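Bear in mind these aren't lab numbers, they're just calculated from the coordinates by the rules spelled out. What you see is a predicted model; the values in this text were computed from it and never measured. Methodologically, a virtual Cβ is constructed for each residue, glycine included, from the backbone with ideal geometry; neighbour enumeration extends over all protein chains shown.
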Amino acid sequence: MTAGANRVVRGCRIEHVCGNPGLGPAKDHAYGLRIVQTALRALQTPLSGPTLFDPAVEVGGEVVITT
Amino acid sequence: MAAPAAGGTAPSTRRVRAVHYLNQFFAGIGAEEQAGYRVEVRPGLVGPGRALETLFDSQGTIVATIAGGDNYVNEQGAAAEEAIRVALREWRPDVVIAGPAFNAGRYGLACGLVCRVARELGLPAVTAMYPENPAVDVYRREAPIVPASADAAGMQPALRALARLALKLGREESLGPAEVEGYLPRGIRRLGRRDRPAHERAVAMLVAKLQGEPYTTELPVLPFERVSPATPVADLSHATLGLVTTGGLVPKGNPDRLVRGGAREWFRYSIAGLPALSADDWECVHRGFYTGIVGQNPNYILPLNLVRELEVQGTLAGVYPWFISTSGVGTAVAEAKRMGAEMASEFRRAGVDGVLLVAT
């Protein structure tokens, strides 16, 4: 958030940014899709400075366990 | 037999007791596969602590070493912090030394955390890292940070600077300004007296500047990069998306010889017509994280499968048929800026409307 990027989406972990193999195939897929959808939402959002978009909050619905 | 000289044991000659923090790698526990290792305390010195204690020149000793896995400390922040606090309370050192962390981001953040915990306990602390380590911006006010090289080749000078400042801090001597003591500026100003009044110094600086001579500013402005946010994408259903990853994703066999860290090059690879990335065709070249999981499913660092799904649904108009890859670890900021600009101009030329960059 201090490196100059303005639209930042919270990923899972450095080893698997866009998903979580520990969730099993179906939930992993839903979680990954949520991350990508959040990124697309970020691209459409006007902003004035660095902003964190959290997939658990942004897309709504159940909170995704990310660990 | 001669009696010990009277008064020879004044507090100033007492050895400074230091506690040293190292990550799992420098503590000899293991490499990236051990990054989840918990915080552990070992009596005495470990690894680079030996050279550090030698540099104390018998004036100080490392009483204990705290070791922690980079992922553990950054992901289990509260538990790690508590373990560090318990260890520092138990050993009650005169000074805490963390690192050097060089340009390792997670290690730098762990060192900063250790310094913050020490400060909260009223213990002086010092750490060392590369000036561009992201942790410098986060922790520069918590403790003096000695500049170190980007990698461990500069271990010895970093330890020398750490040893000198640690002895000073451990004896409760006050530190002079950053440029005198050799640590990175903290942005703290203290009242002091200069030889000449401000107006004379200011005019002298101006004259030097106008004559093209060197001068040293008294008010350095720390650069904090601000990038103006790009205009949002108006209509995704008419937009082409570009994909970038700094996870070091390359075709199997790494035909372009992308380096595992400190990259100065980026490459583009075709994803035209591919529904997803297969582990049979791609591999990950990156020294900054455990790549085994991505090795089994490269879509975790370039979510082509998911992006295709949204393309088929019509959420997106299309995906640029090339993705861009580099290994984002240990690259100097100036190089990263240049590469970023080059990538952006490729996308601009191709009429890409928005870019998804997966950073590892």
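Structure data summary
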read-out	value
For the protein assembly as shown, size of Cβ-based charge dipole, Lys and Arg +1, Asp and Glu -1, in debye	1260 debye
Aspartates and glutamates whose Cα lies under 18 Å from that of B:Lys209, excluding same-chain neighbours fewer than 8 positions away	B:Glu200, B:Glu218
Exposed trypsin sites (Lys or Arg not before Pro) absent - longest run of chain B, DSSP non-H/G/I/E/B, at most 10 other C-beta within 10 Å	B:1-188
Chymotrypsin sites (Phe, Trp or Tyr not before Pro) lying in DSSP loop within the range B:142-248, provided at most 12 other Cβ fall within 10 Å	B:Phe224
Reachable aspartates and glutamates from A:Lys27, criterion Cα separation under 19 angstrom, eight or more residues apart if same chain	A:Glu15, A:Asp54, A:Glu58, A:Glu62, B:Glu309
Residue (of A:Leu43, B:Gln76, B:Gln59) at the positive-pole extreme of the protein assembly as shown, dipole from beta-carbon charges	B:Gln59
Per-residue Cβ neighbour rank within 10 angstrom, fewest leading, B:Leu22, B:Leu191, A:Leu52, B:Leu316	B:Leu191, A:Leu52, B:Leu316, B:Leu22
3J(HN,Hα) from dihedral phi, the range B:130-146, Karplus parametrisation 6.51/-1.76/1.60, rounded to Hz, x for glycine, proline	5, x, 8, 4, x, 5, 4, 5, 6, 10, 4, 8, 7, 6, x, 10, 7
Charge dipole (the protein assembly as shown, unit charges on Cβ, about Cα centre) - positive-most of A:Phe53, B:Gly192, B:Ala98	B:Gly192
Alpha-carbon centroid distance for the pair the range B:95-172 / the range A:19-48, whole angstrom	36 Å
Point-charge dipole on Cβ atoms (K/R +1, D/E -1) for the range B:14-181, about Cα centre, debye to 20	580 debye
Alpha-carbon centroids, the range B:232-271 and the range B:284-328: separation in whole Å	8 Å
Cβ-based exposure ranking for B:His286, A:His16, A:His29, in which fewest neighbours within 10 Å come first	A:His29, A:His16, B:His286
Net charge of neighbours whose Cβ lies under 11 Å from the Cβ of B:Cys111, counting Lys and Arg as +1 and Asp and Glu as -1	0
